[in-house]
1. Identify all residues within the stretch 291-309 that are buried (at least 18 other Cβ atoms within 10 Å of the Cβ) and either of a type in the set (A, V, I, L, M, F, W, C) or in contact with a helix residue (DSSP H, G or I) (Cβ under 7 Å, 6 or more places away or on another chain) (or both); write none if there are none.
2. Among (1) surrounded by fewer than 18 Cβ atoms within 10 Å (Cβ to Cβ); (2) not in a loop (DSSP other than H, G, I, E, B), there is one condition Thr405 misses while meeting the rest; what is its number?
3. Looking at (1) over 16 Å from the mean Cα position of the chain (by Cα); (2) in contact (Cβ under 8 Å) with a residue 40 or more places away in the chain; (3) part of a loop (DSSP other than H, G, I, E, B), can you tell me which one Gly115 breaks?
4. Within the stretch 369-385, count every residue that is touching a Lys or Arg at 6+ places or on another chain (Cβ under 7 Å), more than 18 Å from Gln329 (Cα to Cα) and not in a strand (DSSP E or B).
5. Pairs, please: C-beta under 9 Å, at least 6 apart or cross-chain, first residue more than 30 Å from Asp158 (Cα to Cα) and in the stretch 366-385, second surrounded by fewer than 24 Cβ atoms within 10 Å (Cβ to Cβ) and of a type in the set (Gly, Ala, Ser)?
6. Does any residue in the stretch 33-54 that is closer than 18 Å to Glu207 by Cβ come within less than 7 Å, Cβ to Cβ, of a residue that is at pLDDT 60 or above and surrounded by fewer than 18 Cβ atoms within 10 Å (Cβ to Cβ) six or more places away or on a different chain, and which pairs are these?
7. Give the stretch 257-292 a look and list any residue that's polar (S, T, N, Q), part of a helix (DSSP H, G or I) and over 25 Å from the mean Cα position of the chain (by Cα), or say none.
8. Note down all Cβ pairs under 8 Å where the first residue falls in the stretch 292-317 and is without any contact (Cβ under 8 Å) to a residue 60 or more places away in the chain and closer than 17 Å to Thr219 by Cα, the second is assigned to a helix (DSSP H, G or I) and hydrophobic (A, V, I, L, M, F, W, C), and they're at least six residues apart or on different chains.
Amino acid sequence: MSLQNYNSIKTNSFIMKSYLLLLSLVFIFHFQGNAQTENLHLSFKGGTAKFKSIAVTWTSPKSCAGLVKYGLDSSKLTTEVRVQPKQIVGEKNSFVYKAELKNLLPGKVYYYKCGSEDRNCDNDHQKGSWSAVHSFTTPPKSGAEGKFTIGVWGDTQDNQGNKSFEKTAKIVSQLIKYPLNLTLHMGDIVENGSVTASWDKFLQTAEALNAKVPFMPVTGNHDVVNANNDPTFQRPFPIFHDLFDLPEDKLNYSFDYGNIHFVAINSGYCQGAAKVDKVLFTKGSPEYNWLENDLIKARKNKKIKWIILYDHYPVHAYGVSLVPQWQDQISPIIDRYKVDLVLSGHRHVYERHKAIRNNIPEEQLDFHVYHKPAGTVYITNGSAGGSLQGVGGNKMPSMVFTPPTRMHTYAVMTIHGNQLTYDVYNEEAEKIDHFKLLK
């Protein structure tokens with residue numbers, strides 16, 4: 001073959017490859033442009049502490065009959081759940097879809113896609129609109145022991161330190177690498193809970209993770225109404241109820257995962273509430289009675305080995321993030337029912353305390369091991385995106401570790417038998433702290 005012919009063939013081959021690449025990109029963007037499923041996320045559902053079902057939630061700019069197809073074989077999504085759209089409050093061209101997948105087998109990998117068969121929901125008016133096929137793993141039987149991995153993050157609010165959730169996106173890209181069973185979010189999901197666009201951007205940023213791993217958040221002060229003269233003071237804006245499908249009243253709920261009992265509580269706007277004596281969870285209040293009854297049941301359940309409570313405002317913290325009235329009201333019930341671990345946010349740092357009981361820190365020989373502590377371990381996880389706050393608190397009698405410099409963080413918690421392992425990373429996936437809690 002002559003050099004001229006060789007070069008001609010090589011040039012034509014390059015042109016053909018370039019054409020195919022361009023064609024594939026056009027197809028991809030055409031598909032993405034037609035896709036009307038947005039903000040896809042999973043959550044546990046059911047209304048009781050035990051696992052009952054998985055909720056699939058998504059939004060669309062069009063109002064069409066919604067559908068989830070799912071099954072144990074990715075090529076045979078034969079089971080269907082049909083849902084009707086609901087217009088999102090205050091939004092003319094935004095609709096939410098909530099489907100509940102019931103009677104799922106425990107400990108199984110399910111595959112699903114969601115969207116609509118309505119051809120009017122797609123620009124080409126042919127096949128409707130569908131998400132990609134995703135998968136999730138259902139929890140084991142209630143009380144079952146196993147190795148469970150949980151992602152922990154909080155305070156992702158899109159403010160000056162996290163414009164368009166750019167820092168949160170990096171953390172999502174790290175969390176998705178782990179074999180997570182679920183994630184817990186400590187609240188302040190967005191900067192201003194009344195702004196729909198902010199919720200949209202967060203859910204878009206986290207979709208790659210939330211479409212595969214149930215997302216179980218609590219509300220923070222930025223997610224709820226802060227005006228103390230408003231009848232909905234310390235409750236979420238209506239958009240929160242539209243976008244999320246969580247157990248019970250969505251604010252205070254609990255669920256079991258194997259032998260772990262998780263309790264999520266709404267700490268409201270503690271700092272503002274303290275000024276007008278409206279801090280939540282006063283003794284005898286409906287939410288207090290609910291929490292006490294929930295913990296009583298969990299402690300009586302012999303199959304439950306671990307109790308983990310999470311909220312937004314920390315019970316123990318450095319500086320103004322500590323609200324004494326909140327600590328006075330919530331710590332006695334935590335002590336009474338021997339909660340193993342309390343996870344909080346609000347303060348945009350990472351803080352780890354000694355085990356504490358009756359507000360007295362326990363001494364420990366190894367700062368990386370809590371060996372059968374009598375008290376509760378308290379962690380602040382408030383730095384998964386929002387503007388970082390000043391460091392400090394390392395001289396607190398209860399403080400074991402807090403970073404000497406400002407940094408965004410997330411944590412990966414693994415529970416296996418009598419051992420809880422907790423690893424904390426910065427946004428570059430460098431481990432900055434770790435500990436073991438042994439029962």
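The values are calculated or read from the model by the stated rules, or taken from the named source; none is laboratory data. Small disclaimer: the values here were computed from a predicted structure and weren't measured. Quick reminder, even Gly has a Cβ in these numbers, built from the backbone with ideal geometry, and neighbours come from all protein chains shown.
1. Passing the criteria: Leu291, Leu295, Ala298, Ile304, Trp306, Ile307, Ile308, Leu309.
2. (2)
3. The failed condition is (3).
4. Residues in the stretch 369-385 being touching a Lys or Arg at 6+ places or on another chain (Cβ under 7 Å), more than 18 Å from Gln329 (Cα to Cα) and not in a strand (DSSP E or B): 4 in total.
5. From the stretch 366-385, the pairs are Tyr370/Ala355; Pro373/Ala355; Ala374/Ala355; Gly375/Ala355; Thr376/Ser331; Thr376/Ala355.
6. These pairs meet every condition: Gln36/Pro61; Gln36/Lys62; Glu38/Gln204; Asn39/Gln204.
7. First pass over the stretch 257-292, keeping only residues polar (S, T, N, Q): 259, 266-267, 271, 282, 285, 289.
Filter again for part of a helix (DSSP H, G or I), leaving 271, 289.
Listed by number, the list holds a single entry, Asn289.
8. Here the result reads Leu309/Ile334, each pair linking the stretch 292-317 to a residue that is assigned to a helix (DSSP H, G or I) and hydrophobic (A, V, I, L, M, F, W, C).
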